[in-house]
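These notes are about the structure you will find just below.
Just so it is clear, none of the values below were taken in a lab; they were calculated from the coordinates. As the structure is a computational prediction, the values presented were derived from the model and not from experiment. All Cβ positions, glycine included, derive from the backbone under ideal geometry; neighbour counts span all protein chains shown.
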Amino acid sequence: MAHPTPSEIRAARLENPNMRPRDLADQLGISEAQLVAADTGRDVVRITADMDQLMPLVNRLGEVMALTRNESCVIEKAGIYDDYRGGPHAALVVNHEIDLRMFPKHWVHGFAVSKTLEDGSERLSIQIFDAAGDSVHKIFLRDNSVVEEWDSMIEVLKLPGQSDTLTVEPRADVEPARTDLAKTDQLRDSWDEITDTHQFLQMVRKLKLNRLGAYRMAGAPYVRPLPNSAVGTVLHRAAETGLPIMVFVGNMGCIEIHTGPINEVRQIGHWLNVLDPGFNLHLRSDHIAEVWQAKKATRRGDAISVEAFDAHGALILQIFGVLADPKAAESWNKLVLSLDEHSQEIPA
């Protein structure tokens with residue numbers, strides 16, 4: 001099927017002004033980046049996606065909203081992009097409000113977007129996409145952002161080529177759970193040697209497994225299956241008790257983290273939402289196919305997480321306690337350990 005032309009894409013946007021961009025792109029059979037690119041020369045400027053150039057300039061905008069999403073979850077945090085730490089393979093923004101882990105090879109297409117809202121105001125944003133045209137990270141200006149920095153920033157970041165067409169690569173398939181029951185004892189022995197949560201993925205890759213495969217293999221005391229409702233349960237209980245938690249939501253190019261208490265948790269249709277000043281979470285609870293409690297040793301004590309996966313095996317989100325606060329971490333551990341175990345048989 002031939003892709004729609006930029007003019008056809010723009011016409012579709014006018015006909016569907018309230019449809020979410022990703023949903024409209026899917027309907028048109030294109031990527032979200034191609035949808036955005038169609039407005040280049042109008043409301044969109046193509047910019048570099050090089051984070052070493054981008055992040056210091058974004059810092060000048062003051063308080064903005066950081067948005068990271070995957071197929072099933074969106075996380076939004078308000079804050080300032082200070083304390084950026086670049087690197088060829090991984091980069092960080094680390095402060096209390098904006099906490100990001102970024103992977104430069106997936107930052108491929110960049111756009112500066114100016115959208116006129118119904119009240120006539122402009123909504124300005126930086127939008128980054130991967131090689132397949134899927135959203136990696138978005139930065140939205142807020143009412144109190146330093147909007148005076150916008151024009152000069154875009155002039156610096158603007159690319160020489162400003163085409164309204166975009167070629168993307170095929171989207172990579174989600175890797176299903178990789179298991180090898182013959183390596184179960186080796187997995188458990190290696191798990192016993194972990195002293196930091198970041199060592200976990202190195203361990204499973206060395207064994208030619210992946211996260212979900214390892215969870216399905218390991219058994220107690222390393223993991224236990226939880227009901228799909230466990231994610232909603234821990235969010236509601238954390239809100240009721242004021243318990244600070246850490247919520248990780250990401251994709252291949254960016255992981256965004258919230259640390260702190262949450263307050264308003266509300267289910268609206270299929271969406272489970274956290275609606276707090278400075279922090280929003282939007283989770284498609286009907287996408288959750290498996291939930292696991294996982295325990296990994298660290299120098300500050302056991303890190304116990306609740307992790308949700310979709311039917312394809314993709315990680316949706318992770319929720320941890322705050323190990324830097326021993327009392328909060330202990331309360332989190334008690335909360336998670338009190339959850340009922342899922343009784344259904346998990347596929348090997």
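Quick rundown of the values:
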item	result
Theoretical ellipticity at 222 nm over the chain - DSSP helices of four or more residues, -39500 (n - 2.57) apiece, nearest 500	-7500 deg cm²/dmol
Cα-based helix-to-principal-axis angle, 326-337 vs the chain, degrees rounded to 10	80 degrees
Virtual paramagnetic centre 7 Å along Cα→Cβ of THR165, amide N under 19 Å, in the range 115-158	132-133
Net lengthening on full extension, VAL156/GLU240 (0.36 nm per residue, minus Cα-Cα)	25.6 nm
For the range 295-307, Karplus couplings with θ = phi - 60° (6.51, -1.76, 1.60), whole Hz, Gly/Pro x	10, 10, 6, 9, 5, 9, x, 5, 8, 10, 10, 10, 10
Residues VAL249, VAL168, VAL234, VAL147 arranged by fewest to most Cβ contacts within 10 Å	VAL147, VAL168, VAL234, VAL249
The chain, relative contact order [Cα under 8 Å, separation at least 6], %	17 percent
Sequence-distant aspartates and glutamates (8 or more away, or on other chains) whose Cα lies within less than 16 Å of LYS105	ASP50, ASP52, ASP130, ASP134, GLU169
Relative packing of peptides 123-132, 19-28 - highest average C-beta neighbours within 10 Å first	123-132, 19-28
R0 of 22 Å, Cβ-Cβ distance LYS206-HIS89: FRET efficiency to nearest 0.05	0.80
Paramagnetic reach from VAL174 in the range 256-293 [backbone N under 16 Å; point 7 Å along Cα→Cβ]	283-292
Hull-based mean projected area of the range 119-252, where the convex hull spans the alpha carbons, in square nanometres	14.7 nm²
Between the range 66-113 and the range 271-321, the Cα center-to-center distance that results, in Å	18 Å
Reachable lysines from LYS183, criterion Cα separation under 26 angstrom, eight or more residues apart if same chain	LYS206, LYS208, LYS295, LYS296
Least to most buried among ILE194, ILE319 (fewest other Cβ within 10 Å first)	ILE194, ILE319
Assigned charges on the beta-carbon of Lys, Arg, Asp, Glu; the range 13-57 dipole about Cα centre (debye)	100 debye
Nitroxide proxy distance, nm - points 7 Å out along Cα→Cβ at ASP185 and HIS96	5.1 nm
Rh (Kirkwood; distinct C-alpha pairs) - the range 181-337, Å	16.1 Å
Footprinting exposure proxy for PHE309, PHE140 (fewest neighbouring C-beta atoms within 10 Å first)	PHE140, PHE309
Label assignment, Cα Rg over 2.2 N^0.38 Å derived from the structure, set [x] 1.16; [y] 1.03; [z] 1.44	[y]
Label-point separation in nm, LEU337 to LYS105, each point 7 Å along Cα→Cβ	4.0 nm
